[in-house]
1. Do any helices (runs of 4 or more DSSP H) lying entirely in segment 27-132 carry at least 3 residues that are modelled with pLDDT under 90, and which ones are they?
2. So is Gly15 in contact (Cβ under 8 Å) with a residue 40 or more places away in the chain, assigned to a helix (DSSP H, G or I) and touching a helix residue (DSSP H, G or I) at 6+ places or on another chain (Cβ under 9 Å) or not?
3. Looking at Ser37, Ser106, which is the one that is in contact (Cβ under 8 Å) with a residue 60 or more places away in the chain, touching a Gly at 6+ places or on another chain (Cβ under 9 Å) and surrounded by 12 or more Cβ atoms within 10 Å (Cβ to Cβ)?
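The values are calculated or read from the model by the stated rules, or taken from the named source; none is laboratory data. Just so we're clear, the structure is a prediction, and the values are computed from it rather than from any experiment. Glycine also receives a Cβ, built like all others from the backbone with ideal geometry; neighbour counts cover every protein chain displayed.
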Amino acid sequence: MVRGYRSFKQFQHSGEGIATNILAARLRRLQSAGIISLEREKQDARRMNYRLTEKGIDLAPVLLELLIWGGRHEKSGASCALIENMEQNREQIIAEARRRWKNRDSTPLIPRFDEQAARGLAGAKRGGAKRI
């Protein structure tokens, strides 16, 4: 929902460092719980993509709150401005997540903060920028 990942390979290379057998088990568990579904890719029928179900997209408010909490309390590389924006625009962010889900738009909802971006933010912090 947040990063726009759809394939096993995208999840595998997301930087989370999760073992493939654990990832596969978790995806199966989410599928059996009705939170995600597996569907064939239209351009290449050999490939399968994961997609949130309606039940899964209903988790958007909960996931947003977890992102905000994590940004406030964990070293995530998320800037203070990003967290404040999420806090102040909860309804718009959730509405946009639902719109993208409905339109099958896999554009990332919130930008990904990789190690390089986090290092850049840390350097900005030394220069006086506020960061959580």
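1. Of the helices (runs of 4 or more DSSP H) lying wholly inside segment 27-132, those with at least 3 residues that are modelled with pLDDT under 90 span 60-73, 80-88, 115-126.
2. no
3. Only one candidate qualifies: Ser106.
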